[in-house]
Amino acid sequence: MIDTSSIPDDLRSTAQFKFAYADMFEKLNAPGFIEALCAHEAAHVVYYELIAPIVYEPLKPELRYDSQARRYQGHFAALNITVYPMFLGGDVQDFVTWFTKMTQAKVAGGVVGRKLFPSSDGGDRGDKREFEKFCADLQAQYPNLQIDIEERWRQARAAVEEQIENNPIILEIIQQKAIELRKAFGL
């Protein structure tokens with residue numbers, strides 16, 4: 001279930017590898033975790049596609065060795081999104097609408113992850129880092145743009161939580177997409 005093919009045989013026999021693999025395996029096999037993981041990734045897809053079609057590659061669970069850091073790292077399952085919804089121009093309100101929807105797409109995975117797997121943190125640390133980079137890139141492109149990252153993140157989370165709570169069809173759509181992604185992730 002976990003791809004370790006990039007790790008040389010001699011590094012797969014270490015105690016450090018065995019610990020990292022066992023830890024990842026245990027988490028993947030925790031009750032409800034795979035469902036929440038797939039729903040997390042599906043929520044991103046659904047919310048991005050509310051803006052515009054995206055192009056992505058599903059990445060199966062993988063563990064690899066980082067020789068510089070001298071540690072094993074990887075991901076449970078992920079999406080490599082290669083085409084995001086872009087701002088195609090318009091006035092300030094069009095930009096704000098696009099930015100708000102993009103922010104909601106970035107928080108949606110964590111919101112859904114916490115809803116379906118309440119004992120987890122939602123798995124959105126990486127999503128938050130991606131959002132911070134997204135904002136930094138926008139500010140580099142538009143030097144006068146001021147973004148309160150923490151406030152925008154909080155507002156988007158609250159909005160997505162409310163949308164999911166008030167419209168159960170959204171969660172149904174996400175869960176259908178999660179079933180598709182689970183197959184693509186090999187889970």
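Okay, here's what the table says:
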| read-out | value |
| --- | --- |
| Quarter of the Cα convex hull surface for segment 38-95, i.e. its orientation-mean projected area (nm²) | 5.9 nm² |
| Gyration tensor (alpha-carbon) shape descriptor, segment 124-187, a/c threshold 1.5 | oblate |
| Reachable lysines from Lys115, criterion Cα separation under 28 angstrom, eight or more residues apart if same chain | Lys27, Lys60, Lys101, Lys106, Lys128, Lys133, Lys177, Lys183 |
| Overall dimensions of segment 1-101 by Cα: Rg and Dmax, Å | 18.3, 58 |
| Helix axis angle, 33-49 relative to the chain longest principal axis, alpha carbon, degrees | 30 degrees |
| Diffusion constant of the chain at 4 °C, which comes from Stokes-Einstein with the Kirkwood Cα-pair radius and 1.567 mPa s, µm²/s | 73 µm²/s |
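The numbers here are math on the coordinates, done by the rules we state, and not lab data. Note that this is a predicted model, so its numbers are computed, not measured.
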